[in-house]
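**Q** My structure is below; once you've seen it, I'll send some questions.
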Amino acid sequence: MGILPQPSISTDAVVLRAWPCGETSVIASLLTRELGFVRVIAKAARRPHSRLRPLVEPGRLLNVDFSLDQSRELQYLRSGSVDLDPLTHGLSLEQSAFLLAALELVDRCRPMQAADGGSSPADLFDVCDAFIRMLSSLSETDSARIFFAFEWQLLARHGFDPEVKCCASCGAANGIAGVDKVQWFSASEGGLICSVCGRASNVGRPLSQQALEEFKAYDAGTFLEENHLEMNRALRREVGAHLHRFLGFHLPGYRLPTALDLLRPIPRAEENN
Ligand SMILES: [Zn+2]
C-alpha cells in the first residue's frame, strides 16, 4: 500500500446547478452544510450506469463525499446517496418553477460567510433544505407562500430582512397606517413605512394589510402554522413585486429568476377583444 489517503469530506448538500464537462463528466455547483458553496467534478457521471449520475441532478438533497484540496477550484465527487429527490414527489409545473427559481437565487446571490461577518454555511443550507422539503411535501396551494418565505429567509441570511413591526424610517409603531389607513413598503428604507414618511419621502409603494400579514408570518416563521387564507392572484402579485424590488435593491447579483417566466400567464386571444 503505502499510499496516503487523500483528504476528503462527507457532508449534506443540495445540487444547485450542473453542466456537462468533456465527453462524459459533469460539473456541479453544490451548497453544502459544512463548507458552503463547492464545485465538484463527477467523472464519467454521464455514463449510463455511473453511480455518480444520481448525484448531479439539480434540486436533490444528498449526502456526498468529495475530495478536499484547498488548492483546487474543483473537488472530485467520490460517492454519495440521495436523501430526497423532489421530482419523485410529482411536483406541479408551478412547484418545479419555484424550486428552480430558488436554486438560481441561492447560486447567484451568495451571502457572506461567517468568517466575513455573515451567516454560517449550515444556516443557509438549512434554509434551502427546509424549503425543498416543504415544497415537496405540501400541497400546491402553499407553494407561492413557501417560495416567498424562502426569499425572506434569503434576505435574512444577507442581513437585510425587511422591517415589519414599526416604521423603518421614523420608528413609529402604533397606528402605523395612520388616519388614512395607508401604509407603505420601501426597499431603500428597509421595509414597512408609515403614511407620514411614505408621503414625505415618496420612495415607498402602497402595502395592503393582507400583504403585511403575509410578511409578518414570514418574519415569524408562522406562515404555514396559522390559518392563512389561500393567496389569491392579486395578493401573490403584490407580495412577489414587493419582494422582487427588495431583493433587487439589497442583493448584489439579483435578478428575477428565469424559471419564474414559466409562471407568466399565457396571453389569451380573448383579451384582445
Ligand atoms: Zn414613519
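The values are calculated or read from the model by the stated rules, or taken from the named source; none is laboratory data. Model, not experiment: these values are computed from the prediction. Cβ: placed from backbone, ideal geometry, glycine included. Neighbour counts: every protein chain shown.
**Q** If a residue has to be surrounded by 13 or more Cβ atoms within 10 Å (Cβ to Cβ) and either under 20 Å from the mean Cα position of the chain (by Cα) or within 15 Å of SER143 (Cα to Cα) (or both) to count, how many in the stretch 213-236 make the cut?
**A** Adding up the residues that qualify gives 12.
**Q** Return yes when ILE193 is within 8 Å of the ligand (Cβ to nearest atom), modelled with pLDDT of 85 or more and among the β-branched types (Val, Ile, Thr) and no when it is not.
**A** Taking the combined requirement at face value, the residue satisfies it.
**Q** Follow-up. Has the stretch 26-35 got any residue that is in a strand (DSSP E or B), in the same structural domain as GLY240 (by TED's automatic domain parsing) and farther than 18 Å from ALA259 by Cα?
**A** no
**Q** Then there's this: Any residue in the stretch 142-170 that is part of a helix (DSSP H, G or I) sitting within a Cβ distance under 8 Å of a residue that is among the basic types (Lys, Arg)? List the pairs, counting only those 6 or more apart or interchain.
**A** Partner pairs satisfying both residue conditions: ALA144/ARG236.
**Q** Is there a residue in the stretch 200-215 that is more than 27 Å from GLY171 (Cβ to Cβ) and in the same structural domain as PHE150 (by TED's automatic domain parsing)?
**A** no
**Q** Continuing with this model, one more query. Kindly check whether there is at least one residue in the stretch 118-131 that is part of a helix (DSSP H, G or I), touching a Lys or Arg at 6+ places or on another chain (Cβ under 8 Å) and without any contact (Cβ under 8 Å) to a residue 40 or more places away in the chain.
**A** Looking through the stretch 118-131, at least one residue is part of a helix (DSSP H, G or I), touching a Lys or Arg at 6+ places or on another chain (Cβ under 8 Å) and without any contact (Cβ under 8 Å) to a residue 40 or more places away in the chain.
**Q** Tell me which residues, restricted to the stretch 234-259, are modelled with pLDDT under 90 and either aliphatic (A, V, I, L, M) or out of contact with any Cys (no Cβ under 6 Å at 6 or more places or on another chain) (or both).
**A** PRO252, the sole residue that qualifies.
**Q** Just checking, how many residues over the stretch 1-25 are assigned to a loop (DSSP other than H, G, I, E, B) and over 14 Å from GLN75 (Cβ atoms)?
**A** Total meeting the criteria: 8.
**Q** Separate question: Look through SER136, SER119, SER92 and report the one residue that is buried (at least 16 other Cβ atoms within 10 Å of the Cβ), in the same structural domain as PHE160 (by TED's automatic domain parsing), at pLDDT below 95 and more than 21 Å from PHE160 (Cβ to Cβ).
**A** Every option except SER136 fails the conditions.
**Q** Now for a separate question. With the requirement that a residue be among the polar types (S, T, N, Q) and touching a residue at least 60 places away in the same chain (Cβ under 8 Å), what does the stretch 13-61 give you?
**A** If the condition is that a residue be among the polar types (S, T, N, Q) and touching a residue at least 60 places away in the same chain (Cβ under 8 Å), then SER29, THR32 are the ones that fit.
**Q** Right, another one. Only one of LEU247, LEU224 is away from the ligand (no atom under 16 Å from the Cβ), part of a loop (DSSP other than H, G, I, E, B) and touching a residue at least 40 places away in the same chain (Cβ under 8 Å). Can you tell me which?
**A** Exactly one residue qualifies, and that residue is LEU224.
**Q** With respect to LEU16, is the statement that it is crowded, with 16+ Cβ neighbours inside 10 Å, at pLDDT 95 or above and in contact with a helix residue (DSSP H, G or I) (Cβ under 6 Å, 6 or more places away or on another chain) true?
**A** The answer is yes for LEU16.
**Q** Which residues, counting only those in the stretch 11-39, are more than 21 Å from the chain's Cα centre (by Cα) and on the phi < 0 side of the Ramachandran plot?
**A** Matches in the stretch 11-39: PRO20, CYS21, GLU23, THR24, SER25, VAL26, ILE27.
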